[in-house]
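Chemist: First the structure, which I've put down as structure tokens, then a few questions once you've had a look.
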């Protein structure tokens, strides 16, 4: 029985060897050979020497930081500009959107400020007193904002620098309920929205 087992084991080993050789196609694995050095180089040559350091000339002096003029509005935020109110409001008569001589003088002064600051974009807000319906006051506030804008355009400002909005009676300047408060609330108010 051991003899039979030996014959079977030898036959099996021979079969595996033949199967492995036929699976590779009978090809022999490639043999790595040394490649010759590229032409013009010599074997055992030294690597190139590092480049010579660059000699720096005198450093160029950095100009000093410009000083900021605190009165210059270009260096202020929009909140700071509007807090100081460079553009004054104009006031209207009851139920009116016509500009008085005083309102025209105020708008002329506002136009000069805007001409000195040509990048400003301004929102003109139309406001009313608390009397009247919400719809009526929104329409009246719009007419007031548009009348101020039209006058500024007549003074040479481009219309694309001004936006109009009506708040009607929603944002009173003076919350009291008397004629003095109402006179303050009938206005076109100016807000710088971009610079």
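Chemist: Scanning segment 125-148 for residues that are touching a helix residue (DSSP H, G or I) at 6+ places or on another chain (Cβ under 7 Å) and outside any loop (DSSP other than H, G, I, E, B), which turns out surrounded by the fewest Cβ atoms within 10 Å (Cβ to Cβ)?
Modeler: Per the criteria, the residue is 125.
Chemist: Looking at (1) surrounded by 10 or more Cβ atoms within 10 Å (Cβ to Cβ); (2) under 15 Å from residue 195 (Cα atoms); (3) modelled with pLDDT of 65 or more, which one does residue 73 not meet, given that it meets all the others?
Modeler: The single condition residue 73 does not satisfy is (3).
Chemist: Quick check on my filter: what residues within segment 160-195 are within 19 Å of residue 103 (Cβ to Cβ) and either in a strand (DSSP E or B) or under 25 Å from the mean Cα position of the chain (by Cα) (or both)?
Modeler: 162, 164, 165, 166, 167, 187, 188, 189, 190, 191
Chemist: What is the one condition in (1) in contact (Cβ under 8 Å) with a residue 24 or more places away in the chain; (2) surrounded by 15 or more Cβ atoms within 10 Å (Cβ to Cβ); (3) not in a loop (DSSP other than H, G, I, E, B) that residue 115 does not satisfy?
Modeler: (2)
Chemist: Does segment 169-178 contain any residue that is modelled with pLDDT under 95, surrounded by 21 or more Cβ atoms within 10 Å (Cβ to Cβ) and either touching a helix residue (DSSP H, G or I) at 6+ places or on another chain (Cβ under 9 Å) or under 14 Å from residue 95 (Cβ atoms) (or both)?
Modeler: yes
The values are calculated or read from the model by the stated rules, or taken from the named source; none is laboratory data. Computed from a predicted model, the values in this text were never measured in an experiment. Backbone-built Cβ (ideal geometry, glycine too); neighbour counts: all protein chains shown.
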